[in-house]
Amino acid sequence: MHDPDPPFRPVRRRDGYLPLEDLGLIGDGTTAALVGLDGSIPWMCLPRFDAEPLFCGLLDHRRGGHFTLAPEDPVEARQRYEPDTGVLTTELRSATGLVRITDALALRSAADLTDDVPAGRGELVRSAVVLAGSVRLRADLEPRGGAQARALFSGLEVRPNRQPDLRLHLRSNRPLTGLQSTHDLVQGDRLDLVLSWGRFHRHHRFDTGATLRSTAEAWRRWMQHFDYAGPEEPLVRRAAITLKLCDDWANGSLVAAPTSSLPAPIGGIRNWDYRYAWIRDAAFAVFALRRIGFRGEADAFLGWVLDAFEQSGRPRIMYDLRGGPVPDEVEDPELEGYRRSAPVRWGNGAADQRQHDVYGEILDCADQWLLAGGEIQPALWAGLAGLADAAGQSWRRPDQGIWEVRSDGQVFTYSAGMCQVALDRAAQIGARLGLTGQVDAWRASADRLRRLILEQSWDEGAQTLSAHLDGGGALDASLLALPLRRVVPADHPRMVATTKAIGERLSAGGGLLYRYRHDESPDGLAGDEGAFLLCSFWLVDNLVGQGRIEDAEELYASLCARASPLGLLSEQIRPSTGEFMGNFPQAFSHIGVIASGVNLARARAGART
């Protein structure tokens, strides 16, 4: 549960790894790092989110590398964010004393985080101060594959063996003789470390306190735009910052998660690289952020989607952060995987899958772009009109669906629903702007496809819409997203019945939902998985749309209570234990926190008027 002032707790490991719940996220809009409750940084990619990890101990605690700053033999610890910032503090208690470590990926002084330009300084700041007693503090910088170090400019130049072109500079307020050092400190003493990349200065002011203050101030200026009055307000605030930490500020794209290959479940093979930008994630993020005051980020996401589509010349389900193709998927045999869950993968093999929902995602983004005051030039409109025409045909053909199954394709109901969205939004855009195109035909096709979904996917015996357009009664939690995309009203009798069926048949207990049942809907991969958090937030939204406000509030509160003490959420939850599973933190889960909170707040406000 999110706790801005948590108690100390033991530092625990499983199979040599910290639980995901014991990791915090820091970032600067270009990359991100995970900071452990034990004072380690087991994950950071340089120079960008999707670059090779410099520290990869998250995926192999012996060989992956880390940057650890911690007392010898810590007994217990706690972590918390400085309020309304991406600055993280970790307090560690040893047998002899207490030390506080403040971590941040530094931002430029006076940085404006609403502007779509780089704001990072290219610096990781780690600042330790002894609060009580005495502490022997260990500093250990170990990139994956090792590194060479030499004295340079009052610090150390570091050349990682695996990334020889990445020039690093490690500075400190205390003498450094190598990449590993030990410092005996007493109450009031400090150890400041700054790891820089990109540029060096021989004479450069070393003031970590000022850097941390200006970084925190930049975050707080950005959070002045936050506008939300609803349930779980502290967690919604933190979710907004977490999404910003997953945002590539200069390009406007959003990583699905800043990590790769965290398994769902432990010991399974469902380990994927999420450090890329999915079109559907951007579309959902736009809805969430616009409604809590962050219109600039919403507009940047929309613009990035349209730019990526126009530049690529064809719709892709995902892109790299600059709008280019995602690298081919490869396995890394050198790493054992988180808690020995191999394989570790880089790149993503689903990038070239056929997923028909992308037509609706792009056209829905275009519609929101126009409603926000954007323009669509003739060349872009020609491409969008072509997408609508393609959607009018593609819904009949099998695809891999929203869940990116690695089995033979099916005609998924959700995919057909998003083709309906493509036709509907194209008709709306064309009519609104008086553009050329088959506006009347698109509108008529959208209406026919909506009726067909309600009729053809309905299974009378099971009393539910089905995962597949030909019926059959198999369930898929993506059906809960149909009302969110305005394909089917949430209070339509068949959607009400479908919501009931999903809540019963896909239940993992405690308000959690599976995406689908693997015995009903094989996906081409061995093993099961955990409960997918976003699906439960979709259930909240459907309950709101059906007027079941108290039920929705109860479910929403139970989901928010599953957040870590830092207010972070993973992709999935292990139902039997509540453990986090899958890539972390997951943007989709935090989008759910925001969107469902907004829907509940609006429903309650409407009930009072």
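The values are calculated or read from the model by the stated rules, or taken from the named source; none is laboratory data. Bear in mind the structure is a predicted one, so any value in this text is a computation, not a measurement. Neighbour counts are summed over all protein chains in view; Cβ atoms, including those assigned to glycine, are modelled from backbone coordinates with ideal geometry. We work out accessible area using only protein heavy atoms, side chains counted, and drop any ligands, DNA or RNA first. Shrake-Rupley method; radii C 1.70, N 1.55, O 1.52, S 1.80 Å.
Residue under question is residue 373, and the condition is that it be over 30 Å from residue 18 (Cα atoms) and free of Cβ contacts under 8 Å to residues at least 12 places away in the same chain; does it hold?
Spelling it out, residue 373 is indeed over 30 Å from residue 18 (Cα atoms) and free of Cβ contacts under 8 Å to residues at least 12 places away in the same chain.
Of everything in the range 215-237, what is open to solvent by less than 20 Å² (accessible area, probe 1.4 Å) and either of a type outside the set (Val, Ile, Thr) or in contact with a strand residue (DSSP E or B) (Cβ under 8 Å, 6 or more places away or on another chain) (or both)? Give them in sequence order. Before the answer, list the steps.
Within the range 215-237, the subset open to solvent by less than 20 Å² (accessible area, probe 1.4 Å) is 215-216, 218-219, 222-223, 235-236.
Of everything in the range 215-237, those that are open to solvent by less than 20 Å² (accessible area, probe 1.4 Å) and either of a type outside the set (Val, Ile, Thr) or in contact with a strand residue (DSSP E or B) (Cβ under 8 Å, 6 or more places away or on another chain) (or both) turn out to be 215, 216, 218, 219, 222, 223, 235.
Does at least one position in the range 356-363 carry a residue that is surrounded by fewer than 20 Cβ atoms within 10 Å (Cβ to Cβ) and either part of a helix (DSSP H, G or I) or at pLDDT below 95 (or both)? Let's see the steps before the verdict.
Taking the range 356-363 as the starting set, the residues that turn out to be surrounded by fewer than 20 Cβ atoms within 10 Å (Cβ to Cβ) are none.
Checked the range 356-363: no residue is surrounded by fewer than 20 Cβ atoms within 10 Å (Cβ to Cβ) and either part of a helix (DSSP H, G or I) or at pLDDT below 95 (or both).
Among the residues of the range 364-396, which ones are farther than 17 Å from residue 284 by Cα, hydrophobic (A, V, I, L, M, F, W, C) and not in a helix (DSSP H, G or I)? Quick ask: steps written out before the conclusion?
Just the residues of the range 364-396 that are farther than 17 Å from residue 284 by Cα, to begin with: 373-396.
Then keep just the ones that are hydrophobic (A, V, I, L, M, F, W, C); that gives 376, 379-382, 384-385, 387-388, 390-391, 395.
Residues satisfying the conditions are 376, 395.
If you go through the range 115-166 one residue at a time, how many are in contact with a helix residue (DSSP H, G or I) (Cβ under 9 Å, 6 or more places away or on another chain) and modelled with pLDDT under 95? Working first, answer last.
Step one: list which residues in the range 115-166 are in contact with a helix residue (DSSP H, G or I) (Cβ under 9 Å, 6 or more places away or on another chain), which gives 115-116, 119, 121, 123, 125-127.
Those left that are additionally modelled with pLDDT under 95: 115-116, 119, 121.
Of the residues in the range 115-166, 4 are in contact with a helix residue (DSSP H, G or I) (Cβ under 9 Å, 6 or more places away or on another chain) and modelled with pLDDT under 95.
Counting just the residues of the range 389-430 that are farther than 15 Å from residue 470 by Cβ and polar (S, T, N, Q), which one comes out surrounded by the most Cβ atoms within 10 Å (Cβ to Cβ)? Before you say what the answer is, go through the steps one by one.
So the first thing to find is which residues in the range 389-430 are farther than 15 Å from residue 470 by Cβ, and the list is 389-394, 400, 402-407, 418-430.
Pick out the ones that are also polar (S, T, N, Q) and you get 393-394, 400, 407, 420, 428.
Numbers: 393: 11, 394: 21, 400: 22, 407: 11, 420: 29, 428: 19.
Residue satisfying both the conditions and the ranking: 420.
Please state which of the following conditions residue 82 fails to meet, knowing it meets all the rest: (1) under 16 Å from residue 242 (Cβ atoms); (2) surrounded by fewer than 21 Cβ atoms within 10 Å (Cβ to Cβ); (3) within 20 Å of the chain's Cα centre (by Cα).
(3)
Looking at the range 413-444 only, could you name the residues that are in contact with a His (Cβ under 7 Å, 6 or more places away or on another chain) and among the hydroxyl-bearing types (Ser, Thr, Tyr)?
Let us first name the residues in the range 413-444 that are in contact with a His (Cβ under 7 Å, 6 or more places away or on another chain), namely 413, 415, 418-419.
Within the range 413-444, 413, 415 meet the criteria.
Hand me the list of strands (runs of 3 or more DSSP E) wholly inside the range 149-192 holding 3 or more residues that are in contact with a strand residue (DSSP E or B) (Cβ under 7 Å, 6 or more places away or on another chain) and surrounded by fewer than 19 Cβ atoms within 10 Å (Cβ to Cβ).
It comes to 180-186.
Within the set of pairs 6+ apart or on separate chains, which have a first residue in the range 451-465 that is of a type in the set (A, V, I, L, M, F, W, C), a second that is open to solvent by 40 Å² or more (accessible area, probe 1.4 Å) and not in a loop (DSSP other than H, G, I, E, B), and C-beta atoms under 7 Å apart?
454/494; 458/494; 465/494
Looking at residue 30, is it of a type in the set (Val, Ile, Thr), open to solvent by 10 Å² or more (accessible area, probe 1.4 Å), modelled with pLDDT of 95 or more and within 20 Å of the chain's Cα centre (by Cα)?
Yes, satisfied.
Quick one: residue 487 ticks every box in (1) crowded, with 24+ Cβ neighbours inside 10 Å; (2) among the hydrophobic types (A, V, I, L, M, F, W, C); (3) assigned to a helix (DSSP H, G or I) bar one, so which box is it?
Going through (1) crowded, with 24+ Cβ neighbours inside 10 Å; (2) among the hydrophobic types (A, V, I, L, M, F, W, C); (3) assigned to a helix (DSSP H, G or I) one by one, residue 487 breaks only (3).
Working only within the range 333-342, note down all residues that are open to solvent by 20 Å² or more (accessible area, probe 1.4 Å) and not in a helix (DSSP H, G or I). If you could, list the steps in order and put the result at the bottom.
Applying the first criterion (open to solvent by 20 Å² or more (accessible area, probe 1.4 Å)) to the range 333-342 yields 333-334, 336, 339-340, 342.
333, 334, 336, 342 - these are the residues of the range 333-342 that are open to solvent by 20 Å² or more (accessible area, probe 1.4 Å) and not in a helix (DSSP H, G or I).
Considering each residue of the range 563-579, count those that are out of contact with any strand residue (DSSP E or B) (no Cβ under 6 Å at 6 or more places or on another chain) and open to solvent by 10 Å² or more (accessible area, probe 1.4 Å), and give that number. It would help to see each step written out before you state the result.
Taking the range 563-579 as the starting set, the residues that turn out to be out of contact with any strand residue (DSSP E or B) (no Cβ under 6 Å at 6 or more places or on another chain) are 563-565, 567-569, 571, 576-579.
Within this subset, residues satisfying the condition of being open to solvent by 10 Å² or more (accessible area, probe 1.4 Å) are 565, 571, 576-579.
Selection size over the range 563-579: 6.
From 430, 409, 434, grab the single residue that is farther than 23 Å from residue 500 by Cβ and in contact with a strand residue (DSSP E or B) (Cβ under 8 Å, 6 or more places away or on another chain). Steps first, please.
On the way: 430 fails: in contact with a strand residue (DSSP E or B) (Cβ under 8 Å, 6 or more places away or on another chain); 434 fails: in contact with a strand residue (DSSP E or B) (Cβ under 8 Å, 6 or more places away or on another chain).
The conditions single out 409.
Quick one: would you say residue 267 is under 21 Å from residue 27 (Cα atoms) and surrounded by fewer than 23 Cβ atoms within 10 Å (Cβ to Cβ)? Steps first, please.
Details: under 21 Å from residue 27 (Cα atoms): no; surrounded by fewer than 23 Cβ atoms within 10 Å (Cβ to Cβ): yes.
Considered against the rule, which asks whether it is under 21 Å from residue 27 (Cα atoms) and surrounded by fewer than 23 Cβ atoms within 10 Å (Cβ to Cβ), residue 267 comes out as no.
Residue 273 - would you say it is over 20 Å from residue 23 (Cα atoms) and not aliphatic (A, V, I, L, M)?
Values: over 20 Å from residue 23 (Cα atoms): no; not aliphatic (A, V, I, L, M): yes.
Here the answer is no, as residue 273 does not meet what is asked.
With a cut-off of at least 3 residues that are among the polar types (S, T, N, Q), name the helices (runs of 4 or more DSSP H) lying wholly within the range 531-609. Step through it out loud before you land on a result.
Values: elements: 533-545, 549-560, 587-608.
Result: 587-608.
For the range 576-609, which residues satisfy the criterion of being within 14 Å of residue 535 (Cα to Cα) and either of a type in the set (Phe, Trp, Tyr) or modelled with pLDDT under 95 (or both)?
Across the range 576-609, the qualifying residue is only 588.
Name the residue, out of 467, 557, that is more than 24 Å from residue 413 (Cα to Cα) and either of a type outside the set (Phe, Trp, Tyr) or open to solvent by 10 Å² or more (accessible area, probe 1.4 Å) (or both). Quick ask: steps written out before the conclusion?
On the way: 467 fails: more than 24 Å from residue 413 (Cα to Cα).
After applying the criteria, what remains is 557.
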